[in-house]
Structure formats: C-alpha cells, structure tokens
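Trainee: Here it is: the structure, laid out below.
The values are calculated or read from the model by the stated rules, or taken from the named source; none is laboratory data. As the structure is a computational prediction, the values presented were derived from the model and not from experiment. Here Cβ is always computed from backbone atoms with ideal geometry, including for glycine, and neighbour counts include all displayed protein chains. When the accessible area is computed, the model is the full protein with side chains, heavy atoms only, and any ligands, DNA or RNA have been set aside. Shrake-Rupley method; radii C 1.70, N 1.55, O 1.52, S 1.80 Å.
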Amino acid sequence: MKVFLNKRIPTIGMQLLHHKDIELILPNKDELSREEWLSYCQKSDAILSVGKVNLDRDFFEQCPNIKAIALYSVGYDHVDIAEATARKVALSNTPDVLSHATADTAFLLMQMTARKASFNLEKVKKGGWSTHFNPLAHLGQELHGKTIGIFGLGRIGYEMAKQCKAAFNMKIIYHNRSRNENAERELQATYVSFETLLQTADVISIHANYTPKEHYLFNKDTFAKMKSNALLINTARGGFIRESDLYDALVNGVIFGAGLDVTEQEPLPVNSPLLELENINIFPHIGSATEQAREGMAKVAAENIVAFIEGKPMPTLVNPEIYS
Ligand code: DGY
C-alpha cells in the first residue's frame, strides 16, 4: 500500500516504515502547499501526517481514497473526527510518549514566569543590569506550598501535578470532564468546579484537549476571577486563551504572569503586543521537542501505520467507533 509521509521522522520510525507491504511516498521538500499536500494524499492509501495540516471536511472530500491517518502528535483538534469516523477512516495519535516532555515544558514555563526569566535575560543582554540594587524592582513569586490548578488532568496534567508536588509540595486541585481517581489517590489531588479552580489556584496550567466549545474559555471574565498573584500556563492549544484579554490582564495586574508554549496564531507574529510585556514567557510550541519524545512519537506513529497495513487495529486508535 502507498503511505504518504510529508516529513522525515526520527530513524526508529523510518526503519519501521521500511516494510515489505509499504510503498513510502516522501516528497523531496519540507514545506508543501495545500495543493501539493492534497495531490500526494490523492495518490496514497494512508498518511503519516507530521505537523498541523488541517484535515477538515474538504480534505476528506478531496481524498476519498485515504483509509488511515497516523498523526505525529497527541492533539487532534486539526482533524474533523466526525467526518473521518463517518467515512470509516482510522485515525491514530501519539499519546503517552510526549507526556514527560510536555509537562517539563509547563513546569519550566511556570518557574520562568514566577521569576520573570525572559525579561531578566533580555535585561542582561541589552546591558540593563544596573549597579543600583533596588529591593522593590521586578520581584517574582515563590511556589513552595502554593496551589496548582490543573485544567484537564489526563496524562500530561498528571505529570505536571506530580512534578509540582515533588518539587514544591504544591497542593493540587483540578478540573476535568471526569474524576481522575488515580491522581486523587496518588497525589491527593482534589476535584473542584471550574469557578473554584479560577478563584483558588495560584498557578493554573492548561492540559485539556481543545475543542471549539472551549474557545476563549480564558478571557476577561475568567481572568477577573483569578487571584492577582496567579500564573497562567498553557502548553495545550492557543485557542483556550483570548490573547487580547490576556494582554489587558497582564498590563493591569489582574493576574501576575503567563507562560505560553502555544498561541492563537502560530508562529506568533513578531509584532504581537504580548512580546512587549515583562510578565510573560513564550516558547514556539516546543512541548514535545526532546529527542526522547520525538523518537517515541516516530515509533508510535509508524507502528500505527504498520498495524493498519497488516490489517490490525491501530494501537492508539482515536476513533474505535469505525469498527462498530
Ligand atoms: C501535540 O503532539 O499535540 C503537540 O502539541 C505537538 O503538536
């Protein structure tokens, strides 16, 4: 069968794709236009999709030949799952293997935001390290014994909560679609309403799956309910936060700071007003960017393709309903 892979992935995945029943289609350039992408897909039976190409209804209409999609990501908010399922297209993602890396990123952003790390580094780089000691200038927040509020306590949220507890003995509260009994037992995490999460947490870290229902869930009204010393960390999806409201909240001291690995528009435009602020730290969506996580993702995504080729269910299938 023909499998379209739009970008090279770590060796372990490439080796798995060297399979007697796979004819791999790999373009000789990295960035493809939508038209080029579609034309490769139209020649293929399955795709291993690297990056955030929109797999929307238009894609499924134009590529009715595609029978399986292995995503090289854990998130699948860029896929029209209902359409895939209606057409019995198997869809898989890469859970677990990037949980540590993404939680590490959230933890790093939390500490950077607590101590205004990017602002301080910029100050040193620009020669602004003053000889005058000012006991009141640019003070940070300590995290010991504070309350971390996890919004979306799945695999990544669990790892973040675990690190916060181990490092700073933070109290863990969480809001989730369903209760996480393991976290309640192992980490003494307490389930709270969304309102309580907003009002009580010193740090809110977003780890939920993004759907359009949660678009701009963090906005002017929600920021107004948060504590003025609160940090907001987002390593999930940019659509959760209305950035213009976040800007106002940060400028006016409604909340203390924010650490973002994801933004509404990616790449974040270089003229974004957020970049002018002292109380923000922004990464270019590097949550899974470790050798270990990317190798794990390559292995899982390639194993999903191989399973499909061999007529087996994909091990990390997102839409098992296709078999009902
Ligand atoms: C994921 O795997 O969903 C990460 O956010 C990278 O896109």
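Trainee: Distance from the Cα centre of the range 204-233 to that of the range 31-101, in angstrom?
Mentor: What the calculation gives is 28 Å, centre to centre.
Trainee: Please give the charge dipole size of the chain, origin at the Cα centre, charges +1 on K and R Cβ atoms and -1 on D and E Cβ atoms. Round to the nearest 20 debye.
Mentor: 520 debye
Trainee: With labels modelled as points extended 7 Å from the Cα through the Cβ direction, what inter-label distance (nm, one decimal) is found for ARG87 paired with ASP221?
Mentor: Here the modelled spin labels are 3.7 nm apart.
Trainee: Be a star and scan the range 269-300 for residues whose amide nitrogen sits under 11 Å from the point 7 Å along the Cα-to-Cβ vector of ALA117.
Mentor: Flagged as within label range: 281-283.
Trainee: GLN188 to GLU36: extension gain in nm, 0.36 nm per residue of separation minus the Cα-Cα distance?
Mentor: Using 0.36 nm per residue and subtracting the Cα-Cα distance, I get 49.6 nm.
Trainee: Give me the one-decimal Kirkwood hydrodynamic radius in Å for the range 145-215, with the sum taken over alpha-carbon pairs. Don't jump to the answer; show the numbers that get you there.
Mentor: Details: mean 1/r = 0.0846 Å⁻¹.
About 11.8 Å, per the Kirkwood formula over Cα pairs.
Trainee: Suppose only helical runs count, i.e. DSSP H with n ≥ 4. What mean residue ellipticity at 222 nm does that imply for the chain under -39500 (n - 2.57) per run, divided by all residues and rounded to the nearest 500 deg cm²/dmol?
Mentor: That comes out to -10000 deg cm²/dmol.
Trainee: Could you work out how far the C-alpha centroid of the range 125-141 sits from that of the range 246-324, in angstrom?
Mentor: For the range 125-141 versus the range 246-324, the Cα centre distance is 33 Å.
Trainee: Continuing with this model, one more query. Where Lys and Arg each count +1 and Asp and Glu each count -1, what net charge lies around GLN292 among other residues with Cβ under 13 Å from its Cβ?
Mentor: With Lys, Arg at +1 and Asp, Glu at -1, the neighbours total -2.
Trainee: Taking only Cα atoms, what is the 0 to 90° angle, nearest 10, from helix 155-168's long axis to the longest principal axis of the chain?
Mentor: In the chain, helix 155-168 runs at an angle near 30 degrees to the longest axis.
Trainee: What is the magnitude of the charge dipole of the range 271-324 about its Cα centre, with +1 placed on the Cβ of each Lys and Arg, -1 on the Cβ of each Asp and Glu, and no other charges, expressed in debye to the nearest 20?
Mentor: 200 debye
Trainee: Still on this structure, please answer the following. Which angle from 0 to 90°, rounded to the nearest 10, does the C-alpha axis of helix 291-309 make with the longest principal axis of the chain?
Mentor: 30 degrees
Trainee: Would you be so kind as to identify which of HIS215, PHE256, ALA90 lies farthest towards the positive end of the dipole of the chain, taking Lys and Arg as +1 and Asp and Glu as -1 on Cβ and the Cα centre as origin?
Mentor: The listed residue farthest towards the positive side: PHE256.
Trainee: Over all distinct alpha-carbon pairs, what is the Kirkwood Rh of the range 1-116 in angstrom?
Mentor: After inverting the pairwise mean of 1/r, the radius is 15.7 Å.
Trainee: Taking the Cα centre of the range 1-73 as the origin and placing charges on Cβ (Lys, Arg +1; Asp, Glu -1), which of PRO27, SER44, ILE9 is farthest toward the positive end of the dipole?
Mentor: ILE9
Trainee: At a Förster distance of 45 Å, what's the computed FRET efficiency of VAL251 paired with ARG179, Cβ-Cβ distance as r, to 0.05?
Mentor: Plugging the Cβ-Cβ distance into 1/(1 + (r/R0)^6) gives 0.75.
Trainee: Long-range amide H contacts for LEU48: which residues qualify at under 5 Å (H placed 1.01 Å from N, peptide plane, sequence gap of 5 or more or a different chain)?
Mentor: PHE4, LEU5, ASN6, ALA70
Trainee: On to the next question. For LYS165, what charge total do you get from the other residues with a beta carbon under 12 Å from its beta carbon, if Lys and Arg give +1 and Asp and Glu give -1?
Mentor: So the surrounding residues net to +1.
Trainee: Let me ask something else. Binning at 20 angstrom from zero up to the longest distance, how are the C-alpha pair distances of the chain distributed in percent?
Mentor: Result returned by the calculation: 30, 52, 18, 1.
Trainee: Stick to Cα atoms and the Kirkwood definition of Rh, then tell me Rg/Rh for the range 190-324.
Mentor: Rounded to two decimals, Rg over Rh is 1.08.
Trainee: Starting from the Cα of SER130, move 7 Å in the Cα-to-Cβ direction to define the label point; list residues of the range 213-256 whose amide nitrogen is under 19 Å from there.
Mentor: Counting only backbone N, you get no residues.
Trainee: For the chain, set up a Gaussian network in which alpha carbons nearer than 10 Å are linked by springs, and say which option among THR235, THR85, THR263 fluctuates the most.
Mentor: So, out of THR235, THR85, THR263, the one fluctuating most is THR85.
Trainee: I need the calculated FRET efficiency for the pair ASP21 and THR211, taking r as the beta carbon distance and R₀ as 35 Å, to the nearest 0.05. Can you show the working numbers first?
Mentor: On the way: r = 35 Å, r/R0 = 1.01.
E between ASP21 and THR211, to the nearest 0.05, is 0.50.
Trainee: Same structure again: Summarise the accessible area of the chain (1.4 Å probe, protein heavy atoms) by the percent that is carbon and sulfur.
Mentor: Roughly 52 percent, rounded to a whole number.
Trainee: Counting only other residues whose beta carbon sits under 15 Å from that of PRO269, what net charge do I get with K and R as +1, D and E as -1?
Mentor: Taking every Cβ under 15 Å from that of PRO269, the sum is -4.
Trainee: Find the accessible area per residue for the chain; the probe is 1.4 Å, ligands and nucleic acids are left out, and the unit is Å². Present the calculation step by step, with values, prior to reporting the outcome.
Mentor: Values: 15980 Å² over 324 residues.
I get 49 Å² per residue for this part.
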